[in-house]
Structure formats: structure tokens, C-alpha cells
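Encoded as C-alpha cells, the structure appears first; notes follow it.
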Amino acid sequence: MKFSSIRIEGNILGNDLLNKIEDGSLLHGQTPSDFGLKSGNKISDEIRNAWTTATRQWQIFKERRERMEESDFGTTIVRKFWMDPLLYLLGYQPELEKTAETILNRPYNISHRDNERGRFPIHIVGFQDRPLEAPEKRSTLDVKSSSGTARMSPHATVQEYLNLTEHLYGIVSNGLQLRLLRDSSRLVKLSFIEFNLEQIMEEQLFSDFRMLFRLIHATRMPRKEGEGSESMIESYHQESLISGESIRDGLGEAVEASIRQLANGFLQHPGNSDLRELIENNEVTARDFYRYLLRLIYRLLFLMVIEERKLVFTKDADSRKQAIYYDFYSVNRLRKLAESNLHADKRFTD
């Protein structure tokens with residue numbers, strides 16, 4: 001994915017949708033009026049102004065964060081000096097929730113609501129809580145608080161709350177990461193999109209912030225509880241599902257075309273006289289050749305997927321070794337070389 005700070009889990013949104021928004025080919029829901037702007041105002045100016053203000057606010061938050069005590073979870077600081085201002089820039093009206101909502105005799109303590117949008121759930125927690133049993137690299141969104149007051153992690157709390165209510169979407173954040181979650185009661189796998197706020201602000205990733213604004217702005221969300229199906233974000237979700245089905249439908253055709261191209265390439269290559277002889281002597285049948293090619297293609301597809309999802313190595317693997325693999329041995333490197341004639345070397349035939 002071209003947006004390094006954005007992580008997508010499940011089928012909440014597709015990469016192709018993000019690309020359409022980025023290149024301007026997706027106009028549905030992306031006009032100034034769709035964001036509630038007055039006539040004549042440009043959405044690009046609104047995003048630029050939000051970025052400037054967010055940058056200043058991040059510096060204030062950083063200064064407060066640096067002076068924080070180690071025993072402080074950072075909940076108040078992240079809410080007051082960062083998340084509340086950021087959410088206002090994104091069109092939300094977050095109000096602190098004083099009491100937990102009880103569902104099936106279980107309390108769900110969602111920290112904030114946007115009462116202008118049907119009590120839209122927004123759960124903001126601290127970023128410094130590191131329970132002893134939790135690995136250091138895990139986000140506080142994914143671990144149960146060491147305070148012992150919560151039954152589940154913040155992410156799990158919001159997810160279960162969405163699954164049990166008429167709210168289709170909700171936000172959970174610790175100030176460093178922000179996730180938009182969707183009701184997954186009918187799915188096996190969780191469905192959310194995460195924005196690494198710390199990376200966006202520290203690395204000044206304006207394009208990623210622009211995508212955050214265009215996808216997570218309050219005008220994308222349901223106006224009322226139970227009206228999720230009518231929201232802009234749900235229309236994007238449905239569009240991504242349809243696009244995914246189209247991709248899967250076209251995968252068979254793509255594989256067939258790949259088989260033909262590879263087969264012709266192997267058979268016509270001057271250096272493959274041994275292969276041609278085996279086929280001519282029927283030592284390798286057409287069916288055998290087809291199976292070999294199919295196996296090769298699906299192995300390449302498998303490698304492409306795990307490389308794209310950073311699953312080749314474990315999280316604690318040597319970063320130097322990872323760099324060597326991705327820079328010199330990966331399928332992704334071969335793909336980049338194949339896409340650019342600038343790297344072609346006439347001394348080699350591959």
C-alpha cells in the first residue's frame with residue numbers, strides 16, 4: 001500500500017478505494033458540500049488548514065507527553081491536548097460519557113459520544129499503559145488495562161459493543177493510533193482501518209492525513225444510531241466488497257493469461273532446448289507442463305501476498321536481514337524491475 005501509516009484488516013475498505021480517492025477518480029462523497037462546507041470553499045483548503053492546526057496541536061501534545069510521569073497512563077493528556085482537538089478538526093463533537101452503558105448485564109464504558117450523530121461511539125484511552133504480561137510492541141488498544149477495571153482491551157470493548165448494538169461504526173484511539181471499527185457480528189475476522197497518528201505527524205505524511213480526513217471525517221459517519229446503512233462510509237464499504245468480488249472473478253482470467261505468457265516464454269527462450277526436447281519426446285506432457293506452471297504462479301502469488309503484509313519474517317527478526325531480503329531477493333523487487341525498462345540490462349535475458 002502507498003500509504004505507509006494506514007493498516008487495513010478485514011474487508012472494511014479496499015486499497016483500490018483509497019487509490020481512487022487519492023487520484024480523484026472517486027467523486028461520490030468527496031465534494032465540498034459532502035463535507036458540509038459552504039459554497040465556494042475548497043475541500044483542499046479545509047484539509048490544509050486542518051493539517052496546519054493539527055501539526056501545532058501535536059507539538060503541544062508532545063511537550064506534555066515528555067513531561068509525563070512514568071506511572072501516568074496519559075489518558076487525560078491525550079484527550080485534552082490531542083484527540084479532542086483533532087476530532088473537532090474532523091467535524092466531531094465528542095462529549096465525555098459519565099456512565100457506562102449496560103447491555104446484557106455487562107457494562108460498556110465508552111469514553112466519548114458524538115451526540116450530534118446519534119451518540120456515535122468514540123473510545124479514547126491512554127497510550128502508556130504497559131501490562132507486564134503484554135509484549136512491549138503491542139498497542140495499548142490491544143491489551144487489557146493493568147488497572148484491572150476493564151474486562152477487555154479497548155479495541156475488543158468497542159468491537160463487542162458494536163456487535164451488540166445498532167451502531168455500525170465506532171472509533172477507538174490512544175492518541176498514537178486511531179482505528180475505525182465496523183460491526184463484525186456476522187464475520188469471523190475483525191474489520192477495521194487503522195491510522196498511525198504518531199507516524200503521520202512525526203514523518204509529516206500529509207497525503208496520509210488527507211486520506212484520514214477524507215475517510216474518517218464526521219460527515220462520513222451515520223447521522224443516527226441504526227442508520228449505518230445510509231452512511232457514506234458504509235457506501236464505501238459496500239463498494240469495496242463489490243470491487244473485491246470483481247477482482248476475484250477476474251483472478252481466473254489473470255491466472256490463465258499468466259500461464260499462457262509463461263508457457264510461451266519458457267518454450268521460446270533460446271536457452272530452453274532441453275525443455276523443448278522433453279516435451280517433444282513426451283517425457284513432459286502438456287498436463288505436466290500446465291501443473292508446473294500453475295504451481296509456479298500460485299507460489300508467486302503467495303509470496304506477493306505475504307511480502308505485502310510483512311509476514312515473511314517474525315516481528316523480532318533482524319531488521320538488517322529483512323532489508324537484504326526485500327531489497328535483493330523478494331518477488332516484489334522482481335516485480336518493480338519488470339515494471340520499469342530503466343532497469344533492463346541487455347546482458348541478461350530474464
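The values are calculated or read from the model by the stated rules, or taken from the named source; none is laboratory data. Remember, predicted model here, so these are calculated numbers, not experimental data. We place every Cβ from the backbone using ideal geometry, glycine too, and count neighbours over all the protein chains shown. Side chains are part of the model used for accessible areas, which takes the heavy atoms of the whole protein and leaves out ligands, DNA and RNA. Shrake-Rupley method; radii C 1.70, N 1.55, O 1.52, S 1.80 Å.
Is there a residue being out of contact with any helix residue (DSSP H, G or I) (no Cβ under 8 Å at 6 or more places or on another chain), of a type in the set (D, E, K, R), surrounded by fewer than 19 Cβ atoms within 10 Å (Cβ to Cβ) and modelled with pLDDT of 95 or more anywhere in the stretch 177-200? Taking every residue of the stretch 177-200 in turn, at least one turns out to be out of contact with any helix residue (DSSP H, G or I) (no Cβ under 8 Å at 6 or more places or on another chain), of a type in the set (D, E, K, R), surrounded by fewer than 19 Cβ atoms within 10 Å (Cβ to Cβ) and modelled with pLDDT of 95 or more.
Cβ-Cβ distance below 8 Å, separation of 6 or more or different chains: which pairs start in the stretch 224-240 with a residue that is over 9 Å from Y169 (Cβ atoms) and end on one that is among the hydroxyl-bearing types (S, T, Y) and assigned to a helix (DSSP H, G or I)? Sorted first by the residue in the stretch 224-240, then by its partner, the pairs are M232/T219.
Of everything listed in (1) assigned to a loop (DSSP other than H, G, I, E, B); (2) at pLDDT 95 or above, the single unmet condition for G170 is (1).
Only helices (runs of 4 or more DSSP H) whose full extent lies in the stretch 204-315 are considered here, and the ones with at least 1 residues that are of a type outside the set (S, T, N, Q) and more than 30 Å from the chain's Cα centre (by Cα) are 232-268, 273-280, 286-308. The set of residues from the stretch 152-163 being open to solvent by 40 Å² or more (accessible area, probe 1.4 Å) and either at pLDDT 95 or above or out of contact with any Asp or Glu (no Cβ under 9 Å at 6 or more places or on another chain) (or both) comprises just one member, E160. The number of residues in the stretch 316-328 that are surrounded by fewer than 11 Cβ atoms within 10 Å (Cβ to Cβ) and assigned to a helix (DSSP H, G or I) comes to 6. Being closer than 25 Å to F3 by Cα and either open to solvent by less than 40 Å² (accessible area, probe 1.4 Å) or modelled with pLDDT under 90 (or both) is not true of L132.
Within the stretch 10-36, restricting attention to residues that are aliphatic (A, V, I, L, M) and in a helix (DSSP H, G or I), the residue that is nearest to the chain's Cα centre (by Cα) is L18. Output the residue which, of all residues in the stretch 16-39 that are open to solvent by 70 Å² or more (accessible area, probe 1.4 Å) and closer than 22 Å to I200 by Cβ, is modelled with the highest pLDDT. Step by step, filter the stretch 16-39, then rank; the result is K20. So which residues in the stretch 65-99 are in a helix (DSSP H, G or I), basic (K, R) and open to solvent by 100 Å² or more (accessible area, probe 1.4 Å), if there are any at all? Result: K80, single match.
Yes/no per residue for (1) closer than 30 Å to N11 by Cβ; (2) open to solvent by less than 80 Å² (accessible area, probe 1.4 Å):
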site	(1), (2)
H269	no, yes
N281	no, no
F289	no, yes
Y298	yes, no
L303	yes, yes
